[in-house]
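The structure under discussion appears below in the form of structure tokens.
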Amino acid sequence: MLLIDALYINDGGGKTMLDYLISKLEEQNIDCFYLLDDRIKNDLYQIKSSNKIIFVRASLWNRYLFYIKNKNSFKTVFCLANIPPNIKMNCNSITYFHSTLYIDLSTDNSFVDKIKIKLKRFILKKFLKNSDYWFVQTDLIKKSFNIKFNVDKNITLVKPFYPPMGKSNDIFKKEAFVYLYVSIATAHKNHKRLIESFCEFYDKHDKGKLRITVGQEFVEVLKLVESKIKLGYPIENLGYIERDELLKYYQTSEYFVFPSLTESFGLGLIEAIENGCKIIGADLPYTYAVCKPSIVFDPYSVESIVSAFEATLENNIGESKSLIKDMINDVTNFIK
């Protein structure tokens with residue numbers, strides 16, 4: 001039996017990958033046991049009667065108890081949330097590493113967040129040898145991960161996977177000078193600089209609309225957004241939105257702006273290109289690892305981001321190009 005360990009995964013790109021993986025595994029003749037975070041227990045997963053799914057409060061202790069109890073229960077373990085099993089299992093263990101914060105802390109993270117990340121990094125190092133293989137999303141992450149944690153490059157495999165956006169029966173028209181940013185609003189996602197930059201751009205040119213997806217849990221960023229909207233800036237906050245509903249926003253937005261300070265993948269970049277958006281991306285290695293953007297900027301500089309917005313006022317902005325392909329079939333064939 002295959003164990004899918006997705007404790008700690010409950011939102012963002014990790015949740016998107018988890019949902020996609022489960023849907024693909026359920027299409028195949030594979031016996032699966034899903035260990036999931038109880039924060040997503042209300043999600044309706046359709047699994048075969050021969051498979052099992054449990055929701056557990058995410059903690060090191062609960063995870064340890066599970067592995068001790070089930071040390072000999074599985075043929076393969078696939079951990080999706082960066083951390084290998086707490087113990088060395090009597091089977092193949094594969095870990096999907098997809099968080100660059102373990103490698104390079106963003107300067108914008110708070111002191112408390114930095115302490116939490118350093119603790120997670122310590123835990124990762126402690127359990128490192130409990131994983132027989134590592135999956136990563138790009139060659140860039142493979143190189144950085146191998147150097148940071150001294151992991152053999154031969155057991156680190158580049159296997160990105162992501163779900164297609166699906167198709168719409170509606171025909172949408174691109175709205176000129178509409179800039180979309182799909183992301184949760186944690187500190188390294190850089191919403192504050194983006195919002196300040198857009199407002200400065202709008203003050204100068206009286207043009208454009210910024211669409212963002214800031215959920216209610218990000219109180220500080222939400223207050224900033226609401227204050228700017230009250231001042232008359234054309235900012236549309238979609239809040240948390242289901243992936244299927246995002247399609248029309250990708251298809252109606254001319255540009256996709258991505259100011260994140262660190263990423264392992266940047267799923268939104270791929271989704272945006274697939275839906276005809278031109279990418280305004282951070283001039284950082286992760287951007288070039290997954291796409292050829294139309295415009296780039298220094299994500300630490302408000303002035304540079306404003307200049308990137310201004311560049312869109314010119315004619316003949318080139319199209320963006322994706323450099324990544326979905327390898328879900330390789331992933332499922334390897335772990336089954």
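The values are calculated or read from the model by the stated rules, or taken from the named source; none is laboratory data. Just so it is clear, the structure is predicted and the values come from calculations on it, not from any experiment. A quick note on method: Cβ atoms are made from the backbone with ideal geometry, for glycine too, and the neighbour counts reach across all protein chains shown.
Just one of the listed residues (115, 147) is part of a helix (DSSP H, G or I) and either modelled with pLDDT of 95 or more or closer than 27 Å to residue 323 by Cβ (or both), namely 147. Identification of helices (runs of 4 or more DSSP H) wholly contained in the stretch 168-280 with 1 or more residues that are surrounded by fewer than 14 Cβ atoms within 10 Å (Cβ to Cβ) and modelled with pLDDT of 95 or more yields 191-205, 219-230.
Quick check, is residue 104 part of a loop (DSSP other than H, G, I, E, B), assigned by TED's automatic domain parsing to the domain that holds residue 27, charged (D, E, K, R) and without any contact (Cβ under 8 Å) to a residue 40 or more places away in the chain? In short, no. The single condition from (1) under 30 Å from residue 333 (Cβ atoms); (2) assigned by TED's automatic domain parsing to the domain that holds residue 95 that residue 166 fails is (2). So, in the stretch 152-163, how many residues would count as being out of contact with any Lys or Arg (no Cβ under 9 Å at 6 or more places or on another chain) and either among the small types (Gly, Ala, Ser) or not in a helix (DSSP H, G or I) (or both)? Going through the stretch 152-163 one residue at a time, the tally reaches 3. Residue 53 versus (1) in a strand (DSSP E or B); (2) within 30 Å of residue 284 (Cα to Cα): which is the lone unmet condition? Every listed condition holds for residue 53 apart from (2). In a residue-by-residue description of the stretch 33-49, the property of being within 18 Å of residue 335 (Cα to Cα) and among the polar types (S, T, N, Q) applies to no position. Flag: residue 303 does not match the condition of being of a type in the set (D, E, K, R), touching a Lys or Arg at 6+ places or on another chain (Cβ under 9 Å) and at negative phi. When the stretch 130-144 is filtered for residues that are in contact with a Pro (Cβ under 7 Å, 6 or more places away or on another chain) and either assigned to a helix (DSSP H, G or I) or surrounded by fewer than 18 Cβ atoms within 10 Å (Cβ to Cβ) (or both), the ones remaining, listed by number, are 130, 140. Within the stretch 69-101, the residues that satisfy the criterion of being in a helix (DSSP H, G or I) and of a type outside the set (Val, Ile, Thr) are 69, 101. For the stretch 12-35, the candidate set comprises residues that are outside any helix (DSSP H, G or I) and out of contact with any helix residue (DSSP H, G or I) (no Cβ under 8 Å at 6 or more places or on another chain); within that set, the residue that is farthest from residue 92 (Cα to Cα) is 27. Here residue 74 meets each of (1) surrounded by 21 or more Cβ atoms within 10 Å (Cβ to Cβ); (2) under 22 Å from the mean Cα position of the chain (by Cα) with one exception, condition (2).
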